[in-house]
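Just below is one structure, and these are the notes that go with it.
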Amino acid sequence: MKEFTERVLQKARDLGATYADVRIVRGASESISIKNGKVDALASSTDYGFGVRVIADGAWGFASSFTVTNEEGERVAAEAVRIAEASARLKKQDVKLAPVDPAEGRFESEWKIDPFEVPLEEKIGLLLDADKVMRQRPEIKIAESSMESWRTDETFASTDGSYIEQAKIESGGGIAATAIEGGEMQRRSYPQLGGDHAARGYEYVERWDLPGHAEQTAKEAAELLKAPQCPSDVRDLVLEGSMLALQVHESCGHPIELDRVFGTEASYAGTSFLTTDKLGRFRYGSDKVNIVADATIPGGLGTFAYDDEGVPAQRVDIVKEGIFSGYLSSRETAAKIGWPRSGGAMRADGWNRIPLIRMTNINLLPGDWTFDEIIKDTKNGIYAAMVTSWSIDDKRLNFQFGTEIAWEIENGSLGRMFRNPTYTGITYEFWRSCDAISGRGGEWHLWGVPNCGKGEPGQGAHVGHGVAPSRFRNVRIGVMESPSGESEG
Amino acid sequence: MSDKNGKLLGQDRLSEVLKRALSVSKADQTQVSVGIGQSSLTRFAGSVIHQNVSERNAGVAVRAIIGKKIGFATGNSIEEGEVRRTVEKAVELATHAEDNPDFVSLPEPKPIPLAPQTFFERTAELSPEDRALSVEKLVKIAAKEGAEAAGSFSVGYQEHAVASSLGIMAYNSRTRSHLTTVMTADTGFGYANRLAADVAKIPVEEVAQEAAERAAKSRNPISIEPGEYDVVLTPYCVEELVSFLSWTGFSALAVQEGRSFMAGKLGQKVCGENITIWDDGFDPRGNVDPFDAEGVPKQRVDLIVNGVAKTVVYDSFTAKKEGKESTGHSTGGSGTHGPFAWNMFLAPGNATVDEMIASTERGLLVTRFNYTNIIHPLLTVFTGMTRDGTFLIERGKVTKPVKNLRFTESVLEALSNVEMVGKELSLQGAATVPALKVKNFRFTGVTEF
């Protein structure tokens, strides 16, 4: 492969590129989904190709192809340079990159059981077991169970002298039960919406014991049909882990992407309220709130050895005792903001996409409470679990989330169940109202989010969020007390 | 067979790939599809080009059936050995699968009517320099209004073929082009967006002017209280309403599973009489697409007629379950998603946007929705923000820009409260739609810009 990368980089240099990198990516995936006792999908996918990114005439160009041959490599390198020269028609200044030390080596993520080696019958059997238990409840009209496995092998080489090979295996799965009756429909998922995934092997699917949680999942979905609507009120809100993971994702992970801050995502996902004048000054949350971007933590979907610009993985402070303290950055944005080094957050979705600033593992550090202590300490609140709907404005300020389920908290104990819970707020007001973070009781978990979208053309990213259930004071809940049509139900 | 100036491999070459793939399959029934093409996208922000990319890729998808067991595999090479491996993988998966008792058969071949033109050579040949020139034109118009432009200009071509062991052999080639921009003028934002198969139908100056004027006019927005407002919704917003209905309810699978708002409502009134929605893959005003992922020709499907729920779209799997014929709306893939309507039309009325504004005592003109999401699919309740140009209408005139608001509303309720329907149609995403004036649209929150 080194001969191929050398030829491609040399061709780019010969045509006037001042920088070039090439990535060759081979991807494989397998997904199994069971619906109502039937194998709904049994799918395998492979994908192979390379992409060449260059700076020529002070501007960016990128071209890619699924045909990995020396001849095509040189054609694509030339196309990338031509595209960069076209980009240069509309530039204000030349692209500058923060320096990086050249690196060489081969790195693999950690796994115990290769999910691609586990017999299909065993994997299908595990999902069918969970499916069967969920369907014992007559109210459950849709029972779904699924698992996914990914393997990615990537080679990165650049004119800076780096040659890095990385291999990663990711696995996970989950179940969902949907109860439908009399115009009402309610779903419960486990361990979270769409399942939970990690940079681990098949052992990560087994650890969740999907069949063992099927009964409770189905029971709650059925009970929600008869549960009262979540009241419209202002109350203390305790968020379950996977819901809080999405809250971190939307209201912290996206606004700290430095490319968004500089406006380069303005036409699509939007910009950010966390402008550079706020760095090191702005009170993002209460002094209990500490958030890091950590690409080094073992097993995270946002964990790697080097990012897709050849920058080593790092742990970066984002919020320190409530003060906004850092961004996710790239070589270009680091140079622009005047930092000596990139924070190493550039990742591409396969060979045919350019790297963009993506979340790594954005983790809310554990606090000194236990979950039970938080509930005991709450007089009048709700405990809301598992995201079902998420929406936030294009600067990441006004958000509204819907959750699958909530329980009333009255005088320190969990009470009746509510259906269709929603809550809404303004990002910094919400995080400033955070007064209790659990973790002392072992509640902290690194959740996987394998479907983070960004960029044009669209890219998906696998990212992680480590969190433990936490409490937020005086939050507006139940945005629609009685949604239209409620009376029909 | 024309190869469209060497850009395409052509029908004969792709048919060969498919026939060879079918010949190596040991399954009872096999379906193979192949797509191959090039796409390029020039992205700009702060009025400079900051990303500029191109991709040549292929996709091969194989569905293999043994008895009632189904396996599905994909790859991205059309090289003989790789295609054979993809077929073998699908067969291997089918061997190990469990029966799917709902499966009857892959679809039988049907003649595919001649479609309007979908391949435009000038679009396939558009160069990076051509794209840069268009962006330059757009940026200059933005500058005249004191605005900076962000956005993207993309073009691409693809040829696509589907074959099955039951005798289906379908082929089509197509181009597409898309220009989208968000312009910023201090505290003002403006948006414009156009899609077309033929890049000559993308009016660069008009797009630039539309976004720039919106951005200039939305400077220094005022804050208003949330609540119910009469709204004038551009086609950008209306497409989201119609797409929401398609995602949650226009699929036969969603009806069969009871999760569609159409389930149990066929023949009943679900929204206002002035609302008619259909899907038509042969209408050149929309996304022309003569056949689906199974090679079945697209039928025109009347989804909602004068406010009454009529029918939904089918693929072969959902159709055979009900003893019906597929309407040609398979999305292919591994089978989990069911059929999907994405060539929809909302019937035009006879109003202009100016007339809608003139008839509004107090209301809002909304350019675009942001980050919409489903809250309750059966009640068709969704939420989202306004974005890139929201304006107050007072006594029949647009008076001031306002800060963005959050809405939480039922789509079918909104479509029951439509007072005026626009006469001009615009292709946006999955639907070709007019502007609408809707009474009492529910806003539940505000933001700071």
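The values are calculated or read from the model by the stated rules, or taken from the named source; none is laboratory data. Please read all numbers here as calculations on a predicted model, not as lab measurements. Glycine also receives a Cβ, built like all others from the backbone with ideal geometry; neighbour counts cover every protein chain displayed.
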Within the stretch B:55-77, residues touching a residue at least 60 places away in the same chain (Cβ under 8 Å) and surrounded by fewer than 24 Cβ atoms within 10 Å (Cβ to Cβ) come out as B:A61
Quick check on B:K201: is it surrounded by fewer than 19 Cβ atoms within 10 Å (Cβ to Cβ), at pLDDT 95 or above and under 30 Å from B:S33 (Cβ atoms)?
yes
The correct count of residues that are touching a strand residue (DSSP E or B) at 6+ places or on another chain (Cβ under 8 Å), part of a helix (DSSP H, G or I) and either in contact (Cβ under 8 Å) with a residue 40 or more places away in the chain or facing another protein chain (nearest Cβ under 7 Å) (or both) in the stretch A:41-84 is 9
*Can you find a residue in the stretch A:167-186 that is within 14 Å of chain B (Cβ to nearest Cβ) and in a loop (DSSP other than H, G, I, E, B)?*
yes
Practice problem: Please tell me if A:I142 is touching a Lys or Arg at 6+ places or on another chain (Cβ under 9 Å), touching a residue at least 12 places away in the same chain (Cβ under 8 Å), more than 28 Å from B:V53 (Cβ to Cβ) and surrounded by fewer than 20 Cβ atoms within 10 Å (Cβ to Cβ). | Solution: yes
Note on B:Y236: of the conditions (1) part of a helix (DSSP H, G or I); (2) surrounded by fewer than 19 Cβ atoms within 10 Å (Cβ to Cβ), unmet is (2)
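For the stretch B:374-449, list the strands (runs of 3 or more DSSP E) that sit wholly inside it and hold at least 2 residues that are within 9 Å of another protein chain (Cβ to nearest Cβ); which are they?
Ranges flagged: B:381-394, B:405-410, B:436-446.
Residues are listed down the side, and each one gets a yes or a no for (1) within 18 Å of A:V475 (Cα to Cα); (2) of a type in the set (D, E); (3) within 25 Å of the chain's Cα centre (by Cα):
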{"residue": "A:G201", "(1), (2), (3)": "no, no, yes"}
{"residue": "A:A218", "(1), (2), (3)": "no, no, no"}
{"residue": "A:A221", "(1), (2), (3)": "no, no, no"}
{"residue": "A:L225", "(1), (2), (3)": "no, no, no"}
{"residue": "A:V248", "(1), (2), (3)": "yes, no, yes"}
Within the stretch A:8-24, residues being charged (D, E, K, R) and in contact with a Gly (Cβ under 6 Å, 6 or more places away or on another chain) number 1
For helices (runs of 4 or more DSSP H) lying entirely in the stretch A:323-433, having 2 or more residues that are among the β-branched types (V, I, T) picks out A:331-337, A:371-376
The residue that is surrounded by the most Cβ atoms within 10 Å (Cβ to Cβ), considering only those in the stretch A:105-122 that are under 25 Å from the mean Cα position of the chain (by Cα) and within 13 Å of A:I32 (Cα to Cα), is A:P115
Q. Has the stretch B:411-429 got at least one residue that is assigned by TED's automatic domain parsing to the domain that holds B:T276, hydroxyl-bearing (S, T, Y) and over 22 Å from the mean Cα position of the chain (by Cα)?
A. yes
Among B:A170, B:A211, B:A200, the single one that is aliphatic (A, V, I, L, M), assigned to a helix (DSSP H, G or I) and farther than 22 Å from A:Y268 by Cβ is B:A200
Note: among B:S164, B:S223, just one is within 14 Å of another protein chain (Cβ to nearest Cβ) and in contact (Cβ under 8 Å) with a residue 40 or more places away in the chain, namely B:S223
Going through the stretch A:260-307 in order, the residues found to be within 14 Å of chain B (Cβ to nearest Cβ), of a type in the set (D, E, K, R) and part of a loop (DSSP other than H, G, I, E, B) are A:E265
Residue pairs within 9 Å by beta carbon, gap of at least six or interchain, first lying in the stretch A:187-202 and within 23 Å of B:I375 (Cβ to Cβ), second part of a loop (DSSP other than H, G, I, E, B) and hydrophobic (A, V, I, L, M, F, W, C), listed first then second, are A:R187/A:L193; A:Y190/A:W208; A:P191/A:W208; A:G195/A:W208
Taking the stretch B:167-187 and the residues there that are within 13 Å of chain A (Cβ to nearest Cβ) and surrounded by fewer than 24 Cβ atoms within 10 Å (Cβ to Cβ), the one that is farthest from B:F282 (Cα to Cα) would be B:T187
Within the stretch B:84-139, residues of a type in the set (G, A, S) and either part of a loop (DSSP other than H, G, I, E, B) or touching a helix residue (DSSP H, G or I) at 6+ places or on another chain (Cβ under 6 Å) (or both) come out as B:A97, B:S105, B:A115, B:S127, B:A132, B:S134
The residue that is farthest from the chain's Cα centre (by Cα), considering only those in the stretch B:301-338 that are among the hydrophobic types (A, V, I, L, M, F, W, C) and assigned to a strand (DSSP E or B), is B:V308
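Each row is one residue, and each column tells you yes or no for (1) within 26 Å of B:N417 (Cβ to Cβ); (2) in contact with a strand residue (DSSP E or B) (Cβ under 6 Å, 6 or more places away or on another chain).
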position: B:S260; (1), (2): yes, no
position: B:G264; (1), (2): yes, no
position: B:V270; (1), (2): yes, yes
position: B:N274; (1), (2): yes, yes
position: B:W278; (1), (2): yes, yes
position: B:G281; (1), (2): no, no
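Yes or no, residue by residue, for (1) farther than 30 Å from B:V60 by Cα; (2) surrounded by fewer than 19 Cβ atoms within 10 Å (Cβ to Cβ); (3) not assigned by TED's automatic domain parsing to the domain that holds B:I36:
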{"position": "B:S165", "(1), (2), (3)": "no, yes, no"}
{"position": "B:A192", "(1), (2), (3)": "yes, no, no"}
{"position": "B:L195", "(1), (2), (3)": "no, no, no"}
{"position": "B:A212", "(1), (2), (3)": "yes, no, yes"}
{"position": "B:D230", "(1), (2), (3)": "yes, no, yes"}
Take B:S77 and tell me if it is of a type in the set (S, T, Y), within 7 Å of chain A (Cβ to nearest Cβ) and outside any strand (DSSP E or B). yes
Check: Going by the structure shown, is A:G173 farther than 13 Å from A:M386 by Cβ, surrounded by fewer than 20 Cβ atoms within 10 Å (Cβ to Cβ) and of a type in the set (G, A, S)?
Finding: no
- Filter pass, B:L8 being within 15 Å of B:S165 (Cβ to Cβ) and more than 8 Å from every other protein chain (Cβ to nearest Cβ): no
